Amino acid sequence: MFARTSLYALMAIAAGAPLLADEVNVYSLRQPELVQPLFDLFTKETGIAVNVAFVEKGMVERLVSEGDRSPADLVMTVDIARLAQVVEAGVTQPVTSDVLAANIPAEFRDPGNQWFGLTTRARIVYASKDRVADGEVTTYEDLADPKWKGRICTRPGTHDYNLGLMAAMIEHHDADYARDWAKGLRANLAHAPEGSDRAQVKSIWAGECDISLGNTYYMGAMLADPEQVEWANSVRIVYPVFENGGTHMNVSGMALTKAAPNKEAALKLMEFLSSDEAQAIYAETNHEFPVKPGVARSALVASWGEFTPDNLNLMDVARSRPEALKLMEEVNYDG
């Protein structure tokens with residue numbers, strides 16, 4: 001069921017104004033609080049209502065099942081592998097837009113214009129300020145070193161964010177190396193992998209481990225939550241790199257569905273989400289890195305320091321995701 005995220009349509013009804021005919025239906029994996037401000041602003045500026053269904057699981061299966069009858073115009077999700085899966089399922093269509101081509105660099109969009117990145121995030125290390133010295137961890141490969149035995153916390157290895165990192169490890173080395181790395185990382189865990197990225201930082205604060213893997217934007221989220229500020233203040237951000245590369249990056253993005261009943265309005269929303277205005281909201285509110293050149297990181301994100309993004313092609317990372325899942329299961333990472 002779709003929920004209309006904007007209040008403007010309701011306000012129009014209350015004022016006796018006619019309902020707007022234009023609308024966009026969105027299937028979103030992104031959390032409501034991350035996208036609602038953008039949808040509300042879009043409606044305010046264009047008069048186009050945005051109806052959103054937050055689909056936590058089974059989005060691709062749902063789109064395939066609905067086929068040409070799907071009410072969805074636009075898909076919004078996280079992780080390059082999820083974007084690639086939607087395209088591979090045959091439920092999207094290519095988009096020709098000079099605006100999107102100008103706003104979104106080629107490395108953040110599908111070669112066939114089937115998906116478009118909106119933001120990027122880095123997979124980093126949260127390190128205890130008290131128990132981990134500056135420079136003590138510099139690479140992802142370091143995390144398999146036995147010196148970290150009993151000192152690392154992570155969420156499940158089969159989670160999308162960790163599978164993305166594992167897929168990148170395969171691309172930088174090979175499957176055998178990545179398998180051994182995952183074994184070493186698992187051997188260094190302080191406890192069984194469970195919970196979210198923020199839960200791992202809480203474990204560091206509680207003294208259960210010293211370092212964890214997490215996405216950058218969770219630092220901003222923790223600092224904004226009174227109950228989690230002390231977790232955030234107990235750690236510092238470290239931007240590890242691959243021995244032969246940079247810091248692992250991933251994307252959030254969007255794709256126009258093949259069935260899109262409101263294609264023109266959906267394209268307007270896609271172009272809006274790539275605009276300076278929307279990209280700045282992503283940066284300030286969600287603590288993510290904008291994909292549009294020239295849109296600055298927020299002051300908070302900038303305060304976390306500079307780093308060198310990895311230059312792996314995102315489609316190569318997506319290609320190795322199935323192998324990454326297979327290897328994580330082989331080493332029984334979550335067991």
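Could you tell me whether the range 64-73 includes any residue that is over 23 Å from residue 297 (Cβ atoms) and in contact with a Phe, Trp or Tyr (Cβ under 6 Å, 6 or more places away or on another chain)?
Yes.
Mind listing whichever residues of the range 112-150 are small (Gly, Ala, Ser) and within 30 Å of residue 101 (Cβ to Cβ)?
Listed by number, the residues that qualify are 112, 117, 122.
Exactly one of (1) part of a loop (DSSP other than H, G, I, E, B); (2) in contact with a helix residue (DSSP H, G or I) (Cβ under 9 Å, 6 or more places away or on another chain); (3) loosely packed, with under 14 Cβ neighbours inside 10 Å is unmet by residue 45. Its number?
Exception for residue 45: condition (1).
Within the range 160-185, track down each residue that is in contact (Cβ under 8 Å) with a residue 12 or more places away in the chain and either more than 19 Å from residue 313 (Cβ to Cβ) or in contact with a His (Cβ under 6 Å, 6 or more places away or on another chain) (or both).
162, 165, 168, 179, 180, 181, 182, 183, 184, 185
Can you spot a residue in the range 3-23 that is touching a Phe, Trp or Tyr at 6+ places or on another chain (Cβ under 8 Å), at negative phi and at pLDDT 95 or above?
no
Within the range 252-271, can one find any residue that is farther than 27 Å from residue 133 by Cα, assigned to a helix (DSSP H, G or I), among the basic types (Lys, Arg) and under 16 Å from the mean Cα position of the chain (by Cα)?
No: the range 252-271 contains no residue that is farther than 27 Å from residue 133 by Cα, assigned to a helix (DSSP H, G or I), among the basic types (Lys, Arg) and under 16 Å from the mean Cα position of the chain (by Cα).
Is there a residue in the range 235-250 that is in contact with a Gly (Cβ under 6 Å, 6 or more places away or on another chain) and either touching a residue at least 60 places away in the same chain (Cβ under 8 Å) or assigned to a helix (DSSP H, G or I) (or both)?
Residues of the range 235-250 in contact with a Gly (Cβ under 6 Å, 6 or more places away or on another chain): 250.
Now drop any that are not either touching a residue at least 60 places away in the same chain (Cβ under 8 Å) or assigned to a helix (DSSP H, G or I) (or both), which leaves 250.
Within the range 235-250 (the criterion being in contact with a Gly (Cβ under 6 Å, 6 or more places away or on another chain) and either touching a residue at least 60 places away in the same chain (Cβ under 8 Å) or assigned to a helix (DSSP H, G or I) (or both)), the answer is yes, since at least one residue qualifies.
Take the residues in the range 131-173 that are within 13 Å of residue 184 (Cβ to Cβ) and aromatic (Phe, Trp, Tyr); name whichever of them is surrounded by the most Cβ atoms within 10 Å (Cβ to Cβ).
Filtering the range 131-173 for residues that are within 13 Å of residue 184 (Cβ to Cβ) and aromatic (Phe, Trp, Tyr), the one surrounded by the most Cβ atoms within 10 Å (Cβ to Cβ) comes out as 140.
Restricting to the range 245-274, what's the tally of residues that are among the hydroxyl-bearing types (Ser, Thr, Tyr) and closer than 18 Å to residue 164 by Cα?
So the answer is 2.
Which pairs do you get when a residue that is in a loop (DSSP other than H, G, I, E, B), found in the range 198-213, comes within reach of a residue that is among the charged types (D, E, K, R), reach meaning Cβ atoms under 9 angstrom, with the pair 6+ apart or on two chains?
207/131; 208/202; 209/151; 210/130; 210/131; 210/151
All but one of (1) under 17 Å from the mean Cα position of the chain (by Cα); (2) farther than 20 Å from residue 77 by Cβ; (3) charged (D, E, K, R) hold for residue 225, so report the exception by its number.
(1)
Of all residues in the range 122-147, which are more than 16 Å from residue 201 (Cα to Cα), touching a residue at least 12 places away in the same chain (Cβ under 8 Å) and more than 25 Å from the chain's Cα centre (by Cα)?
The answer is 145, 146.
Between 257, 247, which is buried (at least 17 other Cβ atoms within 10 Å of the Cβ) and closer than 23 Å to residue 96 by Cβ?
On the way: 247 fails: closer than 23 Å to residue 96 by Cβ.
Result: 257 is the single residue among 257, 247 that is buried (at least 17 other Cβ atoms within 10 Å of the Cβ) and closer than 23 Å to residue 96 by Cβ.
The values are calculated or read from the model by the stated rules, or taken from the named source; none is laboratory data. This one's a predicted model, so the numbers in the text were calculated from it and none came from an experiment. Cβ coordinates were reconstructed from backbone atoms using ideal geometry, including for glycine residues, and neighbour counts include every protein chain displayed.
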